[in-house]
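Structure record follows, encoded as structure tokens.
The values are calculated or read from the model by the stated rules, or taken from the named source; none is laboratory data. Not measured: the values here are computed from a predicted model. All accessible areas refer to the heavy atoms of the entire protein, side chains included, with ligands and DNA or RNA removed. Shrake-Rupley method; radii C 1.70, N 1.55, O 1.52, S 1.80 Å.
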Amino acid sequence: MAIALNVFKTVTANVTTVGNLIYSAPTGYTTVVLMAQVSNIGENTVTVTADHVRSGSYTNIITDGIIPTNDAINLLSGKMVLQTSDSINIKSSANAAAQIILSILETANP
């Protein structure tokens, strides 16, 4: 069975106070993150911190990004490429207060 060359996906998750691995690029694929947005679904302002992770090394995307009640922030101003096994990790200042949505394109590596 052949693997798909290009696969578009939407990934969603609740963000907690513990660093959550939201998405990891699967073996044999390179991923393009087309959009990454975090929404405040709580009753108070919340902050979020997100990182790109490669081989245990963290590169900061945003630190303590402030999201007012009933608002959202975009984590990326453009697109981000994740190589096989790269991941996105995120945490917030409060549980049950934020949700993340990623629009991604997985492309099979030759």
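Across bins of 5 angstrom width beginning at 0, how are the C-alpha pair distances of the chain distributed, in whole percent?
Spelled out per bin, shortest first, that is 2, 13, 23, 23, 17, 11, 6, 3, 1, 0.
Please list 3J(HN,Hα) in residue order for region 12-20, calculated via the Karplus relation 6.51 cos²θ - 1.76 cosθ + 1.60 where θ = phi - 60°; whole Hz, with x for glycine and proline.
Along region 12-20, the couplings run 10, 6, 7, 9, 10, 7, 9, x, 9 Hz.
Pick from A50, A98, A72 the residue whose mean-square fluctuation is largest in a GNM of the chain, springs joining Cα atoms under 10 Å.
Looking only at A50, A98, A72, the biggest GNM fluctuation is shown by A72.
Could you work out the equivalent-ellipsoid semi-axes for region 21-86, taking the square root of 5 times each eigenvalue of the Cα gyration tensor, largest first, in whole Å?
Details: eigenvalues 128, 30, 19 Å².
Sorted largest first and rounded, they come to 25, 12, 10 Å.
Can you list the residues, at least 5 places off or on another chain, whose amide H is less than 5 Å from the amide H of I41, using H built in the peptide plane?
A98, Q99
In terms of modelled amide H atoms, which long-range or inter-chain residues lie less than 5 Å from the amide H of I61?
Sorted by chain and number, the residues that satisfy this are A50, D51, H52.
Suppose all protein chains stay in the model; what accessible area per residue would a 1.4 Å probe give for the chain, in Å²? Write out the running numbers ahead of the final one.
On the way: 6080 Å² over 110 residues.
Accessible area per residue: 55 Å².
Roll a 1.4 angstrom probe over the protein heavy atoms and tell me the percent of accessible area of region 1-74 that is carbon or sulfur.
Values: 2330 of 4410 Å².
Answer for region 1-74: carbon and sulfur cover 53 percent of the accessible area.
Determine ³J(HN,Hα), in whole Hz, for all residues of region 87-101 in sequence, where each value follows from phi through the Karplus function 6.51 cos²θ - 1.76 cosθ + 1.60 and θ = phi - 60°; x replaces Gly and Pro.
9, 10, 10, 8, 9, 10, 7, 8, 6, 6, 10, 9, 10, 10, 10
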